[in-house]
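One structure is given here, and the rest of the page talks about it.
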There are 2 protein chains.
Amino acid sequence: MAHKGLGKNIFRGAVAVPKIVDHDERRLELVDATWRIIARNGLEGATMREIAMEAGFANGALKPYFPTKDTLLEFAFSHVFNRTNQRIAEVTAGQTGLAALRAFCLEVLPLDEERINEARIVIPFWQKAVNDPQKAVIHQQSMDEWLTAIRRCLKEARDAGDVNTGVDDRALAGQLLNMLLGAQIEAALAPAGRTDFGHDRQLEGYLALLTQPSAR
Amino acid sequence: MAHKGLGKNIFRGAVAVPKIVDHDERRLELVDATWRIIARNGLEGATMREIAMEAGFANGALKPYFPTKDTLLEFAFSHVFNRTNQRIAEVTAGQTGLAALRAFCLEVLPLDEERINEARIVIPFWQKAVNDPQKAVIHQQSMDEWLTAIRRCLKEARDAGDVNTGVDDRALAGQLLNMLLGAQIEAALAPAGRTDFGHDRQLEGYLALLTQPSAR
DNA sequence: GCTTATTCTCTACAACTATAGAAAATAAAC
DNA sequence: GTTTATTTTCTATAGTTGTAGAGAATAAGC
């Protein structure tokens, strides 16, 4: 399980010296260092030297784990989505309808320092993705997943009577997704330290819009 | 009016040779070339050499007009906002309430190739602004203006009875602004050529949400 | 302690970038 | 045509970056 990074672990007569570091784990450490550097110094400040130093290594130490910088960055960016998606899964587990939708959005919105930092990582990613189709696909896939999840919640909420607007779910899901993305920008561009952007109130307001006071 | 770029146009006895190029105009040309390069090759591809060539000049020709690359980029980025704001002013002139709000949003949304290109320029700007407070302020100022404009429209629309939701205008304005920003990301990251993202339908849907069918 | 494969450090290098500034080209005024 | 200031080209430079790869350091098994 450990010998995955290099193809050198050939069968050797009797003695087999095991690898000391778990390559997969090391890659995650390096991704973490990359995130910290990007969040602190931006994409321009994320040089291989800087990242290595942040991880506690010297210049060339990343090579065995990521053959190229682009490999590292792409892996790092993918992992932001992975982590967010995992948190979403945890938070929405067992929930349905409007409750699930609320939990979903509250997890994506940059409501605390940690997620504001993630916003500061996602924006450089978007910038790269604008001119790198391979990275754009990574984004697109997660967005498609999110759209599907949102629409599932909306459908359930309609069945439960919590959503009864005449506006169709396709439009609603698009609105909500774009709101979530826009919130990342607002949070990432704000001066460091600000954490209260009223995004949670915006969300509650939006969800309230979906329920027309039909019978009153 | 022309001698603004350099401070060399000193009083000279009798003969005064006029400058041939209008510095302000030239700056705009250079900004245009910068936009084209960024939209086509991304921020990484926007080197001084590349920009100069795109504008039809050689390597050092930009210096008299922009002493440094950062100056050029900042000016170029500011101008995206300027241009958008001017278009907004034209389109919303004479309009009020929901009509003005609709016109405003339709102008900001990336509904055609030109504005999709602008989205491809704004995202690199945001990326720079994340770690450059001076650029972040440029963004913030326009966003504050936009928020104010949106809330003015909402108030007018309420007075006209076109908006009657219980959700307060502050939350609504925030939602709408974030929707507009998010739409830029979706458009900029899509493969070149796509132009229909349903953003206009999303907008109509959102505006419909603001009008509760109270008396029916 | 010795061997061996892995892991890391460090130096080197080629490519590229922003910028500076000398020199050439240019256009107006005489 | 000559002069003069402006405009542009072109070469040079200092700095940075990703990457390569030799060698040192390291840790496990004997």
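When each copy gets a label point 7 Å from Cα toward the beta-carbon at B:Ile20, what are the spacings between them in nm, shortest first?
B:Ile20 label point versus its equivalents elsewhere: 6.7 nm.
Picking from A:Gly166, A:Gly42, A:Gly174, which is most flexible by a Gaussian network model of chain A using Cα springs under 10 Å?
In this elastic network of chain A, the residue with the biggest mean-square fluctuation among A:Gly166, A:Gly42, A:Gly174 is A:Gly166.
Residue by residue through segment B:197-202, which ³J(HN,Hα) values in whole Hz follow from phi under the Karplus form 6.51 cos²θ - 1.76 cosθ + 1.60 (θ = phi - 60°), with glycine and proline marked x?
Ordered by residue, 3J(HN,Hα) equals 10, x, 5, 5, 5, 4 Hz.
Put +1 on the Cβ of every Lys and Arg and -1 on every Asp and Glu Cβ in segment B:79-210; which of B:Ile150, B:Cys105, B:Ala129 then has its Cα farthest towards the positive end of the dipole?
It is B:Ala129, whose Cα lies furthest towards the positive end.
Pairs A:Lys69/B:Lys128; A:Lys135/B:Lys128; A:Lys128/B:Lys63; A:Lys155/B:Lys155; A:Lys128/B:Lys135: which are spaced more than 22 Å apart, C-alpha to C-alpha?
Details: A:Lys69/B:Lys128 20 Å; A:Lys135/B:Lys128 19 Å; A:Lys128/B:Lys63 28 Å; A:Lys155/B:Lys155 32 Å; A:Lys128/B:Lys135 19 Å.
Over 22 Å apart, Cα to Cα: A:Lys128/B:Lys63; A:Lys155/B:Lys155.
Please state the charge dipole magnitude for segment B:79-210, taken about the Cα centre, from unit charges on C-beta atoms (+1 on K and R, -1 on D and E), reported in debye and rounded to the nearest 20. Intermediate results must be reported in sequence, preceding the final value.
On the way: 14 positive and 18 negative charges, 54 e Å.
So the magnitude is around 260 debye.
Could you give the dipole magnitude of the protein assembly as shown about its Cα centre, charging the beta-carbon of Lys and Arg +1 and that of Asp and Glu -1, in debye to the nearest 20? Write out the running numbers ahead of the final one.
Details: 52 positive and 56 negative charges, 205 e Å.
Dipole about the Cα centre, nearest 20: 980 debye.
Treating each Cα of chain A as an identical point scatterer and ignoring solvent, apply the Debye formula and state log10 I(q)/I(0) at q = 0.11, 0.13, 0.16 Å⁻¹.
For chain A at q = 0.11, 0.13, 0.16 Å⁻¹, log10 I(q)/I(0) is -0.65, -0.83, -1.09.
If the label for B:Ala93 sits 7 angstrom from Cα along the Cα-to-Cβ line, what are its distances to the same label in every other copy, in nm to one decimal, shortest first?
Copy-to-copy label distances at B:Ala93, shortest first: 6.0 nm.
Taking every alpha carbon pair in segment B:141-216, what does the distance histogram look like in 5 angstrom bins from 0, in percent?
Once binned at 5 Å, the Cα pair distances of segment B:141-216 give 3, 13, 22, 22, 16, 11, 7, 4, 1, 0.
What are the nm distances, shortest first, from B:Arg194 to its equivalents in the other copies, labels at 7 Å along Cα→Cβ?
List, nearest first: 3.0 nm.
Enter the angle in degrees (range 0 to 90, nearest 10) between the Cα long axis of helix A:133-160 and the first principal axis of the Cα atoms of chain A, meaning the one along which they spread out most.
30
For the protein assembly as shown, list log₁₀ I(q)/I(0) at each q in 0.07, 0.09, 0.12 Å⁻¹, using the Debye formula over Cα point scatterers of equal strength and ignoring solvent, two decimals each.
After summing over all Cα pairs, the log10 values are -0.42, -0.66, -1.05.
What's the average, rounded to a whole number, of partner chain beta-carbon atoms within 10 Å of each residue's beta-carbon in B:62-72? Mind dumping the intermediate values first?
Values: counts 0, 0, 0, 0, 0, 0, 0, 0, 0, 0, 0.
Averaged over the peptide's residues, the number is 0.
Output the 0 to 90 degree angle, nearest 10, between the alpha-carbon long axis of helix A:69-92 and the longest principal axis computed from the alpha carbons of chain A.
For helix A:69-92, the angle is close to 40 degrees.
Run the dipole for segment A:51-141 about the Cα centre, Lys and Arg Cβ at +1, Asp and Glu Cβ at -1, nothing else charged, and hand back the magnitude in debye, nearest 20.
Rounded to the nearest 20 debye, it is 160 debye.
Once you put a point 7 Å from the Cα of A:Ile20 and another 7 Å from the Cα of A:Arg83, both along the Cβ direction, what distance in nm separates them?
Between A:Ile20 and A:Arg83, the label points sit 2.7 nm apart.
Computed from the mean reciprocal separation of all distinct C-alpha pairs, what Kirkwood hydrodynamic radius does segment B:36-148 have, in Å?
Values: mean 1/r = 0.0646 Å⁻¹.
It is 15.5 Å.
Values quoted throughout were computed directly from the atomic coordinates according to the rules given, and no laboratory measurement underlies them. From a predicted model like this one, the values you see are computed outputs, not experimental measurements. We place every Cβ from the backbone using ideal geometry, glycine too, and count neighbours over all the protein chains shown.
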